[in-house]
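Down below is the structure, laid out as structure tokens.
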Amino acid sequence: VPSSVAPYEWEDLAAEVTAMETTLDEIHALLAVPDRDTGWDYQQRTPMPKCFVEKRHLAQWLAAANTHALHERRPARAVAHLTAFCDLVAWHDEDFSIVGQMIRVAMGGMALHSTWSTMQAPGVTEAQLASLQAHWERLILQPRFARALEFERAGIGQIITQVRSGKESFATASG
């Protein structure tokens, strides 16, 4: 480890998560009612909303908050963070873009890791585990990803038609 990199201790994580508690609570409430559509105009194939980095950061915060709560032996808080994490994976499940679905799958992998840690933690009740299971069972990933592939494949045909007709260059048509 380079000498310029200070070790990151549990106290450092605790300070960061504590500073974010109010924001995390607001995020929990926001994610409890999933926004299924990104608002992208699929007919016009306009540039898609770029919220992928923000989603990744939010996923990392929820994973860190879950880990911190487990370390502090606060299973109810850990489950609350993990429930919000599952809700984040459910967000924009109606997104037809491959990239959007890839982000959902990647966040699902992160949430799965946090779920495994939570399942092993002392003090997590059967009711909390059942609630987490119900959240996981509501997530739909594979069919949404397949539909995104179909949509992208159809879009490629449209791009080829536009380029062949001379209406647009490939660079312009592919966005």
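The values are calculated or read from the model by the stated rules, or taken from the named source; none is laboratory data. Since we're looking at a predicted model, the values are computed, not measured. With ligands, DNA and RNA removed, areas are computed over all heavy atoms of the protein, side chains included. Shrake-Rupley method; radii C 1.70, N 1.55, O 1.52, S 1.80 Å.
The table below lists the values:
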quantity	calculated
Heavy atoms of TRP61 accessible to a 1.4 Å probe, total area in Å² rounded to 10	80
Rounded percent of accessible protein surface that carbon and sulfur make up, the chain, 1.4 Å probe	60
For the chain, alpha-carbon Rg over 2.2 N^0.38 Å	1.28
Average accessible area per residue (Å²) across the chain - probe 1.4 Å, nucleic acids and ligands excluded	60
C-alpha long axis of helix 75-90 to longest principal axis of the chain, angle in °	0
Dimensions in Å of region 120-175 - Rg and Dmax from alpha carbons	22.1, 66
Other-chain or far-sequence residues with amide H under 5 Å of PHE96's (modelled H)	none
Nearest-10 value in Å² for the accessible area of ASP12, using the 1.4 Å probe	60
Value of Rg to Rh for region 70-127 (Rh from inverse mean 1/r over Cα pairs, i.e. Kirkwood)	1.08
